[in-house]
Amino acid sequence: MAKFNVVQKRRRALIAEKKRQLHGDPLTGKLKIKDQPLSLSGKRKRKLFKKWRRDQKDALQNGLVTMEDVQMAVAEGDTKDTPRPSPKIHLKKKALKLKQLKRKGKNKRKSDVPADVSADAMVE
């Protein structure tokens with residue numbers, strides 16, 4: 001087993017060197033740090049929306065914002081004279097989650113019919 005660890009360590013080092021040659025900085029050989037993608041998961045989106053609504057509710061209760069302000073903002077938002085860029089929200093792909101959910105919700109019982117229905121059928 002110890003021999004395999006040495007071989008594997010050497011193999012990882014070779015792979016890392018190849019990556020540095022291909023994708024690294026030409027002068028230093030260091031790999032670049034890539035930015036995180038700007039996608040927003042549905043869970044994160046709901047969480048941010050909840051926080052925003054809670055802040056709006058607190059502002060209304062504290063008197064920082066009045067209902068007239070909100071109505072005026074909505075009325076100003078209805079004007080179609082100003083072109084707005086549409087905000088793009090990227091969501092994660094749900095194919096993997098759908099597979100997990102299909103497996104997770106399996107019910108081991110075959111019949112979901114309550115026992116009362118079968119008793120009524122026997123009475124008739």
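The values are calculated or read from the model by the stated rules, or taken from the named source; none is laboratory data. Because the structure is predicted, anything quoted here is derived from the model rather than measured. Ideal geometry is used to build each Cβ from the backbone, glycine not excepted, and the neighbour counts take in all protein chains shown.
Being at pLDDT below 85 and in a helix (DSSP H, G or I) is a property that holds for Lys99. Taken as a whole, segment 75-91 holds no residue that is surrounded by 10 or more Cβ atoms within 10 Å (Cβ to Cβ), modelled with pLDDT of 65 or more and not in a loop (DSSP other than H, G, I, E, B). There is at least one residue in segment 1-15 that is in a loop (DSSP other than H, G, I, E, B) and at pLDDT below 75.
Looking only at segment 36-68, which residues are acidic (Asp, Glu) and surrounded by 10 or more Cβ atoms within 10 Å (Cβ to Cβ)? Let's see the steps before the verdict.
We begin by selecting, within segment 36-68, every residue acidic (Asp, Glu); these are 55, 58, 68.
Answer for segment 36-68, where residues must be acidic (Asp, Glu) and surrounded by 10 or more Cβ atoms within 10 Å (Cβ to Cβ): Asp55, Asp58.
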